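One structure below.
The values are calculated or read from the model by the stated rules, or taken from the named source; none is laboratory data. Everything numeric here is computed off the predicted structure, so don't read it as measured data. Note that we place each Cβ from the backbone using ideal geometry, even for glycine, and neighbour counts take in every protein chain shown. Please note that ligands, DNA and RNA were not included when accessible areas were found on the heavy atoms of the full protein model with its side chains. Shrake-Rupley method; radii C 1.70, N 1.55, O 1.52, S 1.80 Å.
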Amino acid sequence: MKKRRLTMPEIFLIAGTRGMLGAGAGLLLAEKFEKKRRKTVGWSLLLVGALSTIPLAIRVLGSDK
């Protein structure tokens, strides 16, 4: 297994994207909010979290530090 060195900002960005994905998925599964608003916000968070993960993953997995 390769070891990777991450800076604190990279760790915070990774944690933030994971949080957005989780919050988006949670809103999509929740029943507490108005359906239209819940779906809009949930999908937005889920997509932003997923799409922002791609460049981070490329940077972390592709680096040979």
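Values computed for the structure shown
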{"quantity": "Filtered residues of segment 34-65 (kept if assigned to a helix (DSSP H, G or I) and open to solvent by 100 Å² or more (accessible area, probe 1.4 Å))", "calculated": "Lys35, Lys36, Arg37, Trp43, Leu51, Ile58, Arg59, Leu61"}
{"quantity": "Qualifying residue in segment 8-29 (condition: of a type in the set (A, V, I, L, M) and not in a helix (DSSP H, G or I))", "calculated": "no"}
{"quantity": "Matching option when the condition is at pLDDT 85 or above and out of contact with any strand residue (DSSP E or B) (no Cβ under 6 Å at 6 or more places or on another chain), among Gly62, Gly42", "calculated": "Gly42"}
